[in-house]
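The values are calculated or read from the model by the stated rules, or taken from the named source; none is laboratory data. Treat the numbers as computed from the prediction; the structure is a model and nothing was measured. Backbone-built Cβ (ideal geometry, glycine too); neighbour counts: all protein chains shown.
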Amino acid sequence: MKTFAIIVAGGSGSRMKSKTPKQFMEVAGKPILMHTLRKFLNLDPAPQVVLVLPSHEFKKWYELCDKHDFYELVQLVPGGASRFESVKNGLNAIRATEGLVAVHDGVRPFVAKEIIQNSYQTAAQSGAAVACVVPKDSVRQVDEIIRNQALNRDSIRLVQTPQTFEIGLMRAAFDTPARPEFTDCAAVLEAAGHAISLIEGSYDNIKITTPDDLVWAEILAAKTTTVQNPSL
């Protein structure tokens, strides 16, 4: 089946305490977003990639592409007022009626090739595949009046991206108004009545949102370079 990838990159950088949008901040000498896009563009075969950015950041993106000689075939689409609307805009930019669509955070640059491939393979079988990991820490649930209780962390999953879907199911699920509970694509598909298949993610597949994440990202980038070039 033909494959597509929607890379959503609408972060403002507020939690990073920076005026630079987090997707444009550099790790290992290049913008985070470029590392993320490469993970999909380097697949064989590579999916058709749709990059969703706020329209006012298009000019900056083109400048960064010139600076870093990044001239890959990526379709640029303006984002919406919410993640739901941004994904929907990316989906509407895909003209195909059949295929598999992976939705991935632009600031998750360390997703493994094997996870992406597994997401496509699982979605081809079940229609919806979502990467996740088991929490490392104990988990407690807090209610409105601050009562709390322990939960069994073995029955909890921390959701990541990619989240990959059969395109027909995805179009039907997104043909609805946005809701507050639509915090990710899995919630949209589930609300439309579709079961979600979970696949194993990775603790290295971090979402870079804070200064601490940026420090850890540099460590991961150095580790990846060492693995790829053992003589370094």
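Structural remarks
- Any hit, segment 105-112, residues being of a type outside the set (Ser, Thr, Tyr), within 26 Å of Gly201 (Cβ to Cβ) and free of Cβ contacts under 8 Å to residues at least 24 places away in the same chain: no
- Taking segment 14-60 as the range and being touching a residue at least 60 places away in the same chain (Cβ under 8 Å) and part of a strand (DSSP E or B) as the test, only Val27 passes.
- Filtered residue count, segment 61-95, keeping only those that are within 15 Å of the chain's Cα centre (by Cα) and part of a loop (DSSP other than H, G, I, E, B): 2
- Boolean, Ser86 is among the small types (Gly, Ala, Ser) and either crowded, with 17+ Cβ neighbours inside 10 Å or on the phi > 0 side of the Ramachandran plot (or both): yes
- Among the residues listed as Gln163, Gln141, Gln117, the single one being surrounded by fewer than 13 Cβ atoms within 10 Å (Cβ to Cβ), polar (S, T, N, Q) and under 26 Å from Asp213 (Cα atoms): Gln141
- Annotation: of all residues in segment 80-133 being modelled with pLDDT under 95 and polar (S, T, N, Q), the one that is farthest from Pro177 (Cα to Cα) is Thr97.
- Residue match in segment 67-79 (condition: surrounded by fewer than 17 Cβ atoms within 10 Å (Cβ to Cβ), closer than 22 Å to Phe165 by Cα and of a type in the set (Val, Ile, Thr)): no
- Flag for Leu91 being crowded, with 19+ Cβ neighbours inside 10 Å, touching a residue at least 12 places away in the same chain (Cβ under 8 Å), more than 16 Å from Leu37 (Cβ to Cβ) and touching an Asp or Glu at 6+ places or on another chain (Cβ under 7 Å): no
- Highlighted here are the helices (runs of 4 or more DSSP H) found entirely within segment 123-229 that include at least 3 residues which are under 19 Å from Leu100 (Cα atoms): 167-173, 185-191.
- Among the residues of segment 189-211, those that are loosely packed, with under 15 Cβ neighbours inside 10 Å and modelled with pLDDT under 95 comprise Thr210, Pro211.
Matching residues to (1) over 19 Å from Ile167 (Cβ atoms); (2) at pLDDT below 95:
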| residue | (1), (2) |
| --- | --- |
| Met1 | no, yes |
| Gly10 | yes, yes |
| Ser18 | yes, yes |
| Leu37 | yes, no |
| Asp44 | yes, no |
| Val49 | no, no |
| Leu53 | yes, no |
| Leu64 | yes, no |
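- Taking every residue in segment 165-181 that is over 25 Å from Gln117 (Cβ atoms) and of a type in the set (A, V, I, L, M, F, W, C) and pairing it with any residue that is modelled with pLDDT of 95 or more and assigned to a helix (DSSP H, G or I), at least 6 positions away or on another chain, the pairs with Cβ-Cβ distances below 7 Å are Ala178/Phe84; Ala178/Glu85.
- Filter result for Asp184 (among the acidic types (Asp, Glu), farther than 23 Å from Asn89 by Cβ, touching a residue at least 40 places away in the same chain (Cβ under 8 Å) and touching a Lys or Arg at 6+ places or on another chain (Cβ under 9 Å)): no
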